[in-house]
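Read-outs throughout are calculated quantities, based only on the coordinates presented, and are distinct from any laboratory measurement. The shown structure was predicted, so the numbers you read here are calculated from the model rather than taken from an experiment. Cβ placement follows ideal geometry from the backbone for every residue including glycine, while neighbour counts extend to all protein chains displayed.
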Amino acid sequence: MPFKETKEELLSLLKQMLEIRYFEEKVWELLARNIIKGASHVYMGEEAVAVGAISAIRDDDYITSTHRGHGHCLAKGGKLKYMLAELCGKATGYCKGRGGSMHIADVTKGNLGATGIVASNIPVATGAGYAIKLRGTDQVCLCFFGDGATNNGVFHESLNMAALWKLPVIYIIENNLYGMSVSVERASAVQELYKKGCAYNIPGEAVDGMDVMAVREATRKAVEKARKGGGPTLLECRTYRYQGHSRSDPRVYRTKEEESYWRKRDPIQSFWKRLIEEGVATEEELQGIEKEVEEETNEAEKFALESPYPPVEELAKDVYVVK
Amino acid sequence: MREITYREALREALIEEMKRDESVFILGEDVAIYGGAYKVTDGLYKMFGEDRVKDTPISEAAIAGVATGAALTGMRPIAEIMYIDFSTQATDQMVNQAAKMRYMFGGKSKVPMVLRTQGGAGRGIAAHHSQSLEAWYVHMPGLYVVMPATPYDAKGLLKTSIRDDNPIVFIEHKMLYGMKGEVPEEEYLIPLGKGVIKREGEDVTIVAYSRMLHVALEAAEALEKEGVSCEVIDPRTLKPLDMDLIAGSVRKTNKAVVVSEGYRHCGMAAEIVTRIIEECFDDLDAPVKRITTPDVPIPMSPVLEEEAIPSAKKVIQAVQEIL
Ligand SMILES: Cc1ncc(C[n+]2csc(CCOP(=O)(O)OP(=O)(O)O)c2C)c(N)n1
Ligand SMILES: [Mg+2]
């Protein structure tokens, strides 16, 4: 199918996916060098989901993110250098170094936040949907969460409310087959997660989460419907996290064969190939983009490492709104 | 005597109790194949089978509730909640069901379960993975709360907790898992409600538990060099609380400092200080001091995190202020 998008739009999708990939590789390296402290859940392999879905909404729309939130942050307007500074706990990071990997978000861009508590942003997104309805605008909220989160109570409570009140929320399951070490098979009584919407009369759809255009198209349709008052949709994007859950995860619960199967379906490589096959761009043009991203990533590293830590005097600042 | 880690001590306690009593079983997220997020249940599913070491979906409310129901009907469940920060989702079942059933139903039912979890800061993993929420549970009639600081105490208290007929919240500390200490090969139990004097002294009593015990001991060591003799007490179980031991010490030293990693308002330190004032008012030669984490969500940035949690320096300063 030929593209409806302009060349510029298409190249931007590729660039964002590359930015996420390069960012995560840098994060992985800085974790190994103990420059980034703490935990980081990386998004390598899942780039098409955040980029495809967020490309289908407007700047004034909202998203909610997860503990695996670097990709969402970037696709909703985040810049690599402020993201990396945040992961390093620096004052110049998006959350002034207070949040780190698990709470990364540029909240000025309509990203309502990343959370360390699995599933806990599902009701928050639902609340944003209700606010949109009360204000009477045609905004939407994209709510990202994992397969594991669909087994948590608030998923079900939220979907019921959203359907009952016809809220403009698109629930996007990033089904990467595992919640930490526990496979969907061992955690969910229903294997096709999009079907969980049927209990609440929410239309659901399985989407190839390794195909950025498929995610974009499915999201576009759901958004169009939501803007017109048609209520929520549940999209299950099937994808794969390349790395372990976190750095300390030896991945004993899955096979090398499974890993290589998914890596062969790499979202960046396949989109790259398609752009060339469809005559959108030349190999040289795409390499130029990759080069740019590589340089940006190195600049981000320099920026993050050279940035100062937050002043300890500000430890208790911002706990409350103070007039 | 042989030395083993806090993690190994806990694991031994689980193995011994599961061998001793078939009604003991474990349920929680990633406890089987993964062996627990902090590896306390490593390999146990191979020894006892997947029904007695049960991986659950990410459903904290149901984990606590299922444990409650199984306990009510004759089993001795050990529910692992990966981080105490997520136990807030399990709190309703713990405080409204497990804690109250015996009393509500005329003293006729019992809920012999252990909710094992871990808390505390130190890893740079921010506001949702670093809290010390013991005060939430200590507050609740019907629950006991245990917080061991050493491998020896971890093993003896976990075994006792599993055999106890009450619902017990057993809180480990993530920074202690690798700590080594003497643990005898022979079986032993440690009663609930019995604290220990970890260091004898004359000038001031320092009460500290969990990781803060080690901070207090470090402070006491440094103060010794300045000629100040500190008596350091670890209550080990916060409820029941060994007030006899604490009051006895304060009557001797006439001064007290309490250290807790929890937030300041209505925290465990506030409770212990109050009890000291209630029971030892006439013996006190100086105001009782408490060192706590300030009322601030735990920040990720290493410099801020370090500033937030109590340190030996702060304990030394507090002692010097009341000498
Ligand atoms: C309420 C809660 N329970 C458990 C955890 C620990 N934990 C962090 S991520 C994770 C797995 C989440 O799986 P999924 O929702 O599929 O997201 P993924 O990590 O695969 O992106 C778990 C169990 C948590 N952070 N919050
Ligand atoms: Mg998952």
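Tabulated data for the structure shown
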{"quantity": "Rounded to 5, percent antiparallel among DSSP beta bridges of chain B", "calculated": "20 percent"}
{"quantity": "Neighbour-count order for A:Val140, B:Val145, fewest beta carbons within 10 angstrom listed first", "calculated": "B:Val145, A:Val140"}
{"quantity": "DSSP beta bridge pairing in chain A, given as percent antiparallel to the nearest 5", "calculated": "10 percent"}
{"quantity": "Rg/Rh ratio calculated on Cα atoms of the stretch B:196-322 (Kirkwood radius)", "calculated": "0.95"}
{"quantity": "Euclidean distance between Cα centres, the stretch B:275-310 to the stretch A:200-240, Å", "calculated": "50 Å"}
{"quantity": "Antiparallel %, DSSP beta bridges [both residues in the stretch A:173-323], to 5", "calculated": "20 percent"}
{"quantity": "Three-way shape label, chain A, alpha-carbon gyration tensor, a/c 1.5", "calculated": "rounded"}
{"quantity": "Within the stretch B:3-182: Cβ-based charge dipole about Cα centre, in debye rounded to nearest 20 (Lys, Arg +1; Asp, Glu -1)", "calculated": "300 debye"}
{"quantity": "Relative packing of peptides B:197-203, A:104-110 - highest average C-beta neighbours within 10 Å first", "calculated": "A:104-110, B:197-203"}
{"quantity": "Mean ellipticity per residue at 222 nm, deg cm²/dmol - from DSSP H runs of n ≥ 4 across chain B, formula -39500 (n - 2.57)", "calculated": "-10000 deg cm²/dmol"}
{"quantity": "Long-range amide H partners of B:Val31 with built H, under 5 Å", "calculated": "B:Gly36, B:Thr56"}
{"quantity": "12 Å cut-off, amide nitrogen to a point 7 angstrom out along B:Lys39 Cα→Cβ, residues in the stretch B:1-30", "calculated": "B:5-8"}
{"quantity": "Nearest-0.05 FRET efficiency for B:Asp21 and B:Ser109, computed from C-beta distance (R0 25 Å)", "calculated": "0.80"}
{"quantity": "Within 10 Å of each Cβ in B:31-40, the average number of Cβ atoms from other chains", "calculated": "3"}
{"quantity": "Relative contact order of the stretch A:165-215, pairs being alpha-carbon contacts under 8 Å that are 6 or more residues apart, as %", "calculated": "20 percent"}
{"quantity": "Neighbourhood net charge (12 Å Cβ-Cβ; Lys/Arg +1, Asp/Glu -1) for B:Ala308", "calculated": "-3"}
{"quantity": "Residue-averaged beta-carbon neighbours from other chains (10 angstrom radius) around B:300-312", "calculated": "6"}
{"quantity": "Alpha carbon Rg of the protein assembly as shown, scaled by the compact-globule rule 2.2 N^0.38 Å", "calculated": "1.02"}
{"quantity": "Least to most buried among B:Thr293, A:Thr297 (fewest other Cβ within 10 Å first)", "calculated": "A:Thr297, B:Thr293"}
{"quantity": "Cα-based Kirkwood hydrodynamic radius, the stretch A:239-323, one decimal, Å", "calculated": "17.8 Å"}
{"quantity": "Ranking of B:Arg264, A:Arg58, A:Arg216 by count of other Cβ atoms within 10 Å, fewest first", "calculated": "A:Arg58, B:Arg264, A:Arg216"}
{"quantity": "Average other protein chain Cβ within 10 Å of Cβ, residues A:94-103", "calculated": "6"}
{"quantity": "Span-rule helices in chain B, defined as complete DSSP H runs reaching 27 Å or more along the axis (Cα) with Kyte mean at least 1.0", "calculated": "none"}
{"quantity": "Highest average packing first - B:35-44, A:36-45, Cβ atoms within 10 Å", "calculated": "A:36-45, B:35-44"}
{"quantity": "Within the stretch A:185-228, backbone nitrogen closer than 18 Å to the virtual label 7 Å beyond the Cα of A:Arg274 toward Cβ", "calculated": "A:206-222"}
{"quantity": "Chain lengthening between A:Glu185 and A:Glu299 when straightened (0.36 nm per residue, less Cα-Cα)", "calculated": "36.8 nm"}
